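Asker: Shown below is the structure under consideration.
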Amino acid sequence: MTPSKKKADLFHTDDDEGDNSYIYTRLTGAALDIAFHTSLNAFGTLDRTDYASFQPCFEKSQDRVVVEDVEIGGQIWRLRCIFDGHAGNAAVDYIQQSIVPTLRARLAALEASTPATDSTISAALSSALLAIDDAIGNEARALFPPDLDALSDAQIRAIADDHKDGGSGANHEKLLRAKSGSTALVALVDPAGERLWVASLGDCTAALCTRQEKGGPWTVERLSANHNGIEPEEAARVRAEHPGEEGAMLNDRVLGTIAVTRALGDFFCKYPPDFVRRVLVASDPKLKFSATKVDDFLARLLTPPYVSAQPEVRCVRIGAGASVVNGSDDATSSPPAEQLLVMFSDGLPECVLDDFSTAEPYLQVLPRILDRALRSTAEASFNAEAILNAEGPSLSAAGASVNGKPTLPRPDAKRNLAAAIIRETLAGGEEWLPVMQAMKYGEVVPKMGKEKRLDHAERDDRLSQLLTVEMTGKWMDDVTAVVHRIV
């Protein structure tokens with residue numbers, strides 16, 4: 001049976017005249033599974049960690065995942081990262097490739113010199129991220145003499161645009177890294193599995209989800225900071241570092257253009273004004289600014305840097321280590337029955353609450369989403385043969401090729417907890433929205449368990465819209481989740 005086309009009610013244009021609805025394809029069963037699985041970009045499992053990155057639009061995702069076990073001195077450190085790029089892929093690709101060797105070098109040096117403590121590991125994490133940021137900035141700045149006045153505009157463009165006329169493009173790539181940027185969420189578990197460090201820059205989120213007994217209630221502890229202009233403390237910090245500059249924070253954005261207050265890259269907010277104007281703005285492709293005009297931005301760029309690369313780092317005891325507090329046994333505590341580290345990019349809460357500013361509303365509904373995701377992965381049955389033998393129109397509706405990716409089913413996708421969390425968030429969005437809205441706007445938060453329940457058909461319909469809506473542009477942010485099973 002051919003899937004039906006319908007008018008979407010999740011998306012509308014700004015056009016007040018005429019029909020402003022988009023069309024989507026109503027999918028069910030195997031076709032819906034394939035459409036969802038095909039829209040998973042990075043996807044897999046390593047050492048008790050599931051990860052998945054989701055983007056149904058045709059544009060390449062700018063989220064990146066690093067899930068790697070790093071050996072230092074014969075011991076395994078578990079490194080789990082999400083990097084949410086913006087203004088292009090150059091910076092986030094470089095960061096993804098750099099984090100493991102950069103951090104490994106610092107951990108190895110630490111191992112050789114002094115016993116690893118909470119504070120020394122925290123310092124190593126901060127140092128690694130700062131070093132990556134320095135490398136992005138220094139490599140681009142070193143292409144030009146200290147005094148730019150020694151070069152004409154034509155000479156600057158010749159250096160910057162070496163990708164033209166058959167050139168190598170090495171300079172061009174370094175400048176693309178400096179023009180773009182990325183948030184960073186880096187989690188590190190020690191070899192004993194008893195200590196967890198989380199370093200954060202920007203607005204990705206890490207949460208420690210714990211329950212003391214199987215099937216009991218979850219407690220959710222946020223481990224990452226929120227670094228954007230809507231956060232009062234961050235906005236105040238930026239203003240304090242640039243006294244007397246009204247434009248340092250404008251409309252909840254740094255210099256009126258960028259939402260995050262801490263990030264790697266983004267050297268248009270870190271370089272001297274003359275370099276930004278003559279190199280970053282003038283080179284090809286030109287630097288684009290959001291929410292403001294170029295000239296207005298340059299007039300506000302007085303005393304850089306404005307965006308910080310200094311991460312906030314937290315260390316907590318986990319698993320068996322959770323029963324040890326400040327180095328002494330706590331007779332009243334015991335290791336949890338179940339504990340998960342859940343990490344996600346800002347695109348995940350944005351699937352429900354479009355005007356995302358903080359993850360706290362989403363963390364309110366995360367226990368319910370976790371329970372459903374765990375149940376769905378435990379009960380998962382994925383009949384690959386039945387899907388491959390499904391009727392042609394159903395598979396065609398899912399897309400013979402979605403975003404250039406093959407539509408072969410992934411039999412393990414239903415057992416991937418990160419993918420299940422993404423799917424439960426997307427499909428059940430209308431259930432989570434009232435709680436998240438009330439939390440955001442300071443209203444009375446509805447009691448969990450009393451929310452509107454969507455039936456199976458309604459959940460399939462919502463997910464179908466998000467997967468198949470017929471839009472030419474990007475209709476949702478990149479979504480990435482990483483789940484590490486501690487206990």
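The values are calculated or read from the model by the stated rules, or taken from the named source; none is laboratory data. Quick caveat: nothing in here was measured; it's all calculated off a predicted structure. Neighbour counts are summed over all protein chains in view; Cβ atoms, including those assigned to glycine, are modelled from backbone coordinates with ideal geometry. Keep in mind that these areas ignore ligands, DNA and RNA; they rest on the heavy atoms of the full protein, side chains included. Shrake-Rupley method; radii C 1.70, N 1.55, O 1.52, S 1.80 Å.
Asker: Answer with yes or no whether L255 is in contact with a helix residue (DSSP H, G or I) (Cβ under 7 Å, 6 or more places away or on another chain), modelled with pLDDT under 95, closer than 30 Å to G169 by Cβ and crowded, with 19+ Cβ neighbours inside 10 Å. Can you show your working first?
Answerer: Values: in contact with a helix residue (DSSP H, G or I) (Cβ under 7 Å, 6 or more places away or on another chain): yes; modelled with pLDDT under 95: no; closer than 30 Å to G169 by Cβ: yes; crowded, with 19+ Cβ neighbours inside 10 Å: yes.
It is false that L255 is in contact with a helix residue (DSSP H, G or I) (Cβ under 7 Å, 6 or more places away or on another chain), modelled with pLDDT under 95, closer than 30 Å to G169 by Cβ and crowded, with 19+ Cβ neighbours inside 10 Å.
Asker: Name the residues in the range 269-298 that are more than 22 Å from G169 (Cα to Cα) and aromatic (F, W, Y), would you?
Answerer: F289, F297
Asker: Still on this structure: Quick check on G442: is it on the phi > 0 side of the Ramachandran plot, at pLDDT below 95 and out of contact with any strand residue (DSSP E or B) (no Cβ under 9 Å at 6 or more places or on another chain)?
Answerer: Here the answer is yes, as G442 does meet what is asked.
Asker: Y306: crowded, with 21+ Cβ neighbours inside 10 Å, touching a helix residue (DSSP H, G or I) at 6+ places or on another chain (Cβ under 6 Å) and assigned to a helix (DSSP H, G or I), yes or no?
Answerer: So Y306 does not fit the description; no.
Asker: Could you tell me which of the residues A150, A116, A154, A160 is modelled with pLDDT under 95, farther than 30 Å from G347 by Cα and of a type in the set (A, V, I, L, M)?
Answerer: A116
Asker: If only one of D274, D266 is touching a residue at least 60 places away in the same chain (Cβ under 8 Å) and surrounded by fewer than 21 Cβ atoms within 10 Å (Cβ to Cβ), which one is it?
Answerer: D274
Asker: Quick check on my filter: what residues within the range 142-176 are more than 35 Å from the chain's Cα centre (by Cα) and within 19 Å of P273 (Cβ to Cβ)?
Answerer: P145, P146, D147, L148, D149, A150, L151, S152, D153
Asker: May I ask you to verify whether A124 is free of Cβ contacts under 8 Å to residues at least 12 places away in the same chain and in a helix (DSSP H, G or I)?
Answerer: It is false that A124 is free of Cβ contacts under 8 Å to residues at least 12 places away in the same chain and in a helix (DSSP H, G or I).
Asker: Test L185 against the stated conditions and say whether it is within 28 Å of V479 (Cβ to Cβ), aliphatic (A, V, I, L, M) and touching a helix residue (DSSP H, G or I) at 6+ places or on another chain (Cβ under 7 Å).
Answerer: For L185, the condition - within 28 Å of V479 (Cβ to Cβ), aliphatic (A, V, I, L, M) and touching a helix residue (DSSP H, G or I) at 6+ places or on another chain (Cβ under 7 Å) - is not met.
Asker: Sticking with this one: Considering the range 283-303 alone, what residues qualify as being among the hydroxyl-bearing types (S, T, Y), surrounded by 17 or more Cβ atoms within 10 Å (Cβ to Cβ) and touching a residue at least 60 places away in the same chain (Cβ under 8 Å)?
Answerer: Across the range 283-303, the qualifying residue is only S283.
Asker: Can you tell me how many residues in the range 85-113 are farther than 24 Å from F344 by Cα and of a type outside the set (A, V, I, L, M)?
Answerer: The qualifying residues number 3.
Asker: Is it true that some residue in the range 96-105 is buried (at least 21 other Cβ atoms within 10 Å of the Cβ) and more than 30 Å from F267 (Cα to Cα)?
Answerer: Just the residues of the range 96-105 that are buried (at least 21 other Cβ atoms within 10 Å of the Cβ), to begin with: 99, 103.
Imposing the further condition that a residue be more than 30 Å from F267 (Cα to Cα) reduces the set to none.
No: zero hits.
Asker: Follow-up question, since we're still on this one. What strands (runs of 3 or more DSSP E) completely inside the range 36-120 contain at least 3 residues that are β-branched (V, I, T)?
Answerer: 63-72
Asker: So, one more: Return yes when T468 is open to solvent by 10 Å² or more (accessible area, probe 1.4 Å), among the polar types (S, T, N, Q) and without any contact (Cβ under 8 Å) to a residue 12 or more places away in the chain and no when it is not.
Answerer: no
Asker: Additional query: Quick check: anything in the range 12-21 open to solvent by less than 70 Å² (accessible area, probe 1.4 Å), in contact (Cβ under 8 Å) with a residue 24 or more places away in the chain and under 28 Å from the mean Cα position of the chain (by Cα)?
Answerer: No, the range 12-21 has no match at all.
Asker: Strands (runs of 3 or more DSSP E) wholly in the range 127-245 with at least 2 residues that are closer than 22 Å to V65 by Cβ, open to solvent by less than 10 Å² (accessible area, probe 1.4 Å) and in contact (Cβ under 8 Å) with a residue 60 or more places away in the chain - which ones? So that I can check it myself, show each step before the final result.
Answerer: Details: elements: 184-189, 195-201, 205-211, 219-222.
Ranges flagged: 184-189, 195-201, 205-211.
Asker: I'd like to know if the range 420-427 contains one or more residues that are surrounded by 23 or more Cβ atoms within 10 Å (Cβ to Cβ) and without any contact (Cβ under 8 Å) to a residue 40 or more places away in the chain.
Answerer: Yes, the range 420-427 contains at least one residue that is surrounded by 23 or more Cβ atoms within 10 Å (Cβ to Cβ) and without any contact (Cβ under 8 Å) to a residue 40 or more places away in the chain.
Asker: Please tell me if R453 is open to solvent by 20 Å² or more (accessible area, probe 1.4 Å), at pLDDT 95 or above and out of contact with any Gly (no Cβ under 7 Å at 6 or more places or on another chain).
Answerer: Answer is no for this residue.
Asker: Next question. Could you tell me which of the residues D149, D203 is among the acidic types (D, E) and over 21 Å from G85 (Cβ atoms)?
Answerer: D149
Asker: Which ones in the range 176-197 are of a type in the set (A, V, I, L, M, F, W, C) and touching an Asp or Glu at 6+ places or on another chain (Cβ under 9 Å)?
Answerer: A178, A184, L185, L196, W197
Asker: Just name the residue that is nearest to M471 (Cα to Cα) out of those in the range 53-78 that are among the aliphatic types (A, V, I, L, M) and open to solvent by less than 50 Å² (accessible area, probe 1.4 Å).
Answerer: Of the residues in the range 53-78, the ones among the aliphatic types (A, V, I, L, M) are 65-67, 70, 72, 76.
Checking the rest, the ones that are also open to solvent by less than 50 Å² (accessible area, probe 1.4 Å) come to 65-67, 70, 72.
Values: V65: 27, V66: 31, V67: 33, V70: 42, I72: 48 Å.
Among residues in the range 53-78 that are among the aliphatic types (A, V, I, L, M) and open to solvent by less than 50 Å² (accessible area, probe 1.4 Å), the one nearest to M471 (Cα to Cα) is V65.
Asker: Yes or no: L374 at pLDDT 90 or above and either of a type in the set (S, T, Y) or in contact with a Cys (Cβ under 9 Å, 6 or more places away or on another chain) (or both)? Break it down into steps so the answer makes sense when it comes.
Answerer: Details: at pLDDT 90 or above: yes; either of a type in the set (S, T, Y) or in contact with a Cys (Cβ under 9 Å, 6 or more places away or on another chain) (or both): no.
No.
Asker: For the structure I just gave you, tell me whether P393 is open to solvent by 50 Å² or more (accessible area, probe 1.4 Å), in contact with an Asp or Glu (Cβ under 7 Å, 6 or more places away or on another chain) and either modelled with pLDDT under 90 or in a helix (DSSP H, G or I) (or both). Let's see the steps before the verdict.
Answerer: Numbers: open to solvent by 50 Å² or more (accessible area, probe 1.4 Å): yes; in contact with an Asp or Glu (Cβ under 7 Å, 6 or more places away or on another chain): no; either modelled with pLDDT under 90 or in a helix (DSSP H, G or I) (or both): yes.
So P393 does not fit the description; no.
Asker: Please identify the pairs in which a residue from the range 352-378 that is open to solvent by less than 40 Å² (accessible area, probe 1.4 Å) has its Cβ atom under 6 Å from the Cβ atom of a residue that is of a type in the set (K, R), counting only partners at least 6 apart or on another chain.
Answerer: Listed by first residue and then by second, the contacts come to P361/K440; T377/R415.
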